[in-house]
Amino acid sequence: MNQYKIIKKGVFEKESSFEERMNSMAREGWRALSVAVQGGVMVVLMEKNR
C-alpha cells in the first residue's frame, strides 16, 4: 500500500529551501509523482511505499 502527501512551497519560502525539503523527503523514501502550479504556489504530490 502506498502513502501520499501533498506539499506546497510557501509564499515567502526560498526555492532552494523548498528543494532541500523535497530532497530530505526523497532521502526518507518519498518520490515526486506530480508537480503543478496553483495560484502561483508550487504543489507537489509525493508517494512512498509502506
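Here, each number is a calculation from the coordinates, and none is a lab measurement. Note that the structure is a prediction, hence the values are computed from the model and not measured. With ideal geometry, Cβ positions are generated from the backbone for all residues, glycine too; neighbour counts draw on all protein chains shown.
Within the set [x] -0.66, -0.81, -1.05; [y] -0.59, -0.74, -0.96; [z] -0.34, -0.60, -1.15, the number that log10 I(q)/I(0) by the Debye sum over Cα atoms at q = 0.14, 0.19, 0.29 Å⁻¹ takes when calculated for this structure is listed as [z]. Among the chymotrypsin sites (Phe, Trp or Tyr not before Pro) in the chain, those located in a DSSP loop and surrounded by at most 14 other Cβ atoms within 10 Å of their own Cβ are F12.
The trypsin sites (Lys or Arg not before Pro) of the range 1-40 that DSSP puts in a loop, and whose beta carbon has at most 14 other beta carbons within 10 Å, are K14.
Using C-alpha pairs below 8 Å separated by at least 6 residues, the relative contact order for the chain is 53 percent.
Within the chain, the longest run free of GluC sites (Glu not before Pro) that sit in a DSSP loop with at most 15 other Cβ atoms within 10 Å is 29-50. Compared with the dominant principal axis of the Cα atoms in the chain, helix 15-27 is inclined by about 0°. Counting only aspartates and glutamates at least 8 places from K9 when in the same chain, those with an alpha carbon closer than 16 Å to its own are E19, E20.
Can you check what the net charge comes to around L45, using other residues whose Cβ is under 14 Å from the Cβ of L45 (Lys, Arg +1; Asp, Glu -1)?
Numbers: positive: K5, K8, K9, R31, K48; negative: E47.
Once all neighbours under 14 Å are counted, the net charge is +4.
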